[in-house]
Amino acid sequence: MSNSFLNPVTTQTWANGRHIVRCVKVIQETWDVRTFCFMADQPILFFFKPGQFVTLELEIDGVPIMRSYTISSSPSVPYSFSVTIKRVPGGKVSNWLHDTLHEGQELAVHGPVGLFNAMDFTAPKVLYLSGGVGITPVMSMARWFYDTNGNVDMVFIHSARSPKDIIYHRELEHMASRIELPEPQNA
Ligand SMILES: Cc1cc2nc3c(=O)[nH]c(=O)nc-3n(C[C@H](O)[C@H](O)[C@H](O)COP(=O)(O)OP(=O)(O)OC[C@H]3O[C@@H](n4cnc5c(N)ncnc54)[C@H](O)[C@@H]3O)c2cc1C
């Protein structure tokens, strides 16, 4: 897909409903977690509240099936949105997405919806606690505050089974390296 036609002044914005989107990128985050990035052929600015989710409408072996996934990207990067999906042993949709969904493929999504978000509930200090792939809503919130220089005192504690299971590891370290206050210097 060429981005040469993107024009933020005239681009439509996303509203809750059913939309056809195209997978534009697949990122292997860890050995069993992938991020799938989507855009619309007719450009849309995907505005949503960090923490909200979409529901994918799929057909697997001729059977319609739907599953909800939190949007892991931030609306500060609005031409696309991403979901980050962990393979669930024996799971129908998560494994199908890992094995089948590729760049260029179209699918229908419903949303965005969800009350668990960083905009309807604001606070000057936030504590984010997540485990495994449960990191997705708080990652969207953290990305949003980071990208918009949000005046929020944020502590982000994430639990993973092992270092190789830490989703967004390098990105979180990069973010931290650019917002942590420097140690005070002794004069
Ligand atoms: C609001 C919301 C947000 C979410 N966000 C994310 C996200 O960001 N990332 C993410 O990875 N997931 C997320 N999920 C979870 C996601 O929706 C799916 O539940 C998950 O991907 C598993 O779906 P599946 O089809 O692969 O598994 P399923 O086919 O639903 O199976 C789930 C488990 O049940 C077992 N099972 C299935 N049928 C039977 C049966 N008949 N008897 C016994 N056991 C059975 C399977 O073996 C498997 O272990 C979210 C869910 C919600 C509701």
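Structure above, values below:
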item	result
Matching residues in the stretch 84-109 - criterion: being assigned to a strand (DSSP E or B) and either assigned by TED's automatic domain parsing to the domain that holds Ile135 or near the ligand (Cβ under 8 Å from one of its atoms) (or both)	Thr84, Ile85, Lys86
Cβ pairs under 7 Å, 6+ apart, first in the stretch 125-137 and closer than 17 Å to Asp32 by Cα, second of a type in the set (Lys, Arg)	Gly132/Lys86; Val133/Lys86
Pair list, Cβ < 6 Å and 6+ apart or interchain, from the stretch 42-67 residues that are charged (D, E, K, R) to residues that are modelled with pLDDT of 95 or more and surrounded by fewer than 19 Cβ atoms within 10 Å (Cβ to Cβ)	Glu57/Met66; Glu57/Ala108; Arg67/Val93
Selection status of Gly134, within 11 Å of the ligand (Cβ to nearest atom), surrounded by 15 or more Cβ atoms within 10 Å (Cβ to Cβ), among the small types (Gly, Ala, Ser) and farther than 22 Å from Lys25 by Cβ	yes
Residue in the stretch 24-36 that is assigned to a strand (DSSP E or B), more than 30 Å from Pro163 (Cα to Cα) and not aromatic (Phe, Trp, Tyr) present	no
Selection from the stretch 66-81 of residues that are more than 8 Å from the ligand (Cβ to nearest atom) and either farther than 17 Å from Ile20 by Cβ or not assigned by TED's automatic domain parsing to the domain that holds Gln52 (or both)	Ser73, Ser74, Pro75, Ser76, Val77, Pro78
Qualifying residues in the stretch 110-121 (those that are away from the ligand (no atom under 13 Å from the Cβ) and of a type in the set (A, V, I, L, M)) - the one nearest to Thr11 (Cα to Cα)	Met119
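For every residue, the table says whether it meets (1) modelled with pLDDT of 95 or more; (2) outside any loop (DSSP other than H, G, I, E, B); (3) more than 30 Å from Val88 (Cα to Cα).
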| residue | (1), (2), (3) |
| --- | --- |
| Ala123 | no, no, yes |
| Val126 | yes, yes, no |
| Ser130 | yes, yes, no |
| Thr136 | yes, yes, no |
| Asn149 | no, no, yes |
| Ile167 | yes, no, no |
| Pro184 | no, no, yes |
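The values are calculated or read from the model by the stated rules, or taken from the named source; none is laboratory data. Since this is a predicted model, take the numbers as computed values, not measurements. All Cβ positions, even for glycine, are placed from backbone atoms using ideal geometry, and neighbour counts span all protein chains on display.
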